[in-house]
1. Ranking request for peptides 59-67, 139-147: highest mean number of other beta-carbon atoms within 10 Å first, then the rest in descending order.
2. At 1.4 Å probe size, what's the solvent-accessible area of M7? Round to the nearest 10 Å².
3. Apply the Karplus curve 6.51 cos²θ - 1.76 cosθ + 1.60, θ = phi - 60°, to the phi angles in segment 25-33 and return the couplings in whole Hz, x for Gly and Pro.
Amino acid sequence: PVQPRVMFDDIIIRVNTQSGSALAASDTFYASAWTLTFTRPHVYAHVTNGSQAVTEGVADGKPSWTLALTEDRYVDVSRITECRTKVPKKVDITMTGPIANGAYAYKIFLELPQLLYENANYPMTSAGKIIPDLTLRGQRAAVAPAGMPTLVLPARMTLTNLQSVNALT
């Protein structure tokens, strides 16, 4: 059977200014490493009565996520200026696997309509090479950005598997 694996080279990350035009091939971020972290803060009551039941946590704050990106080639000096001026970004991430059934390939498509710089490092490594290391925090958008119609929630994931497309927001 076909395994729904995605190779690193089959992942495309595109980054653009949140207020800019729809994401295009020219917005590709050449990541050498990336991490998407989702946290859902909960508080758990301490159980001291000897019960072996599982205590469900109580929500404490809003869910949040961060996107960490490391770029293997430095292509655009404007990112340094944008992180200093706190220009919001929008991102989409496409992960494409093998053909699952006939015409459909396994695919996960993530849309992140508004991200703010949380951390931006541009260390100079050997021979004057700069390797950007960025961390962006996602949030709800005030308006849906160009290319992401109706999306104001912090994220939307579209999954294509054996049948067709399912969107989760």
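1. 139-147, 59-67
2. Taking all protein chains as shown, M7 has close to 120 Å².
3. 4, 5, 8, 4, 9, 7, 6, 9, 7
The values are calculated or read from the model by the stated rules, or taken from the named source; none is laboratory data. Everything quoted here is computed from the prediction, not taken from an experiment. Note that we place each Cβ from the backbone using ideal geometry, even for glycine, and neighbour counts take in every protein chain shown. Note: accessible area is taken over every heavy atom of the protein model, side chains too, but ligands, DNA and RNA are not part of it. Shrake-Rupley method; radii C 1.70, N 1.55, O 1.52, S 1.80 Å.
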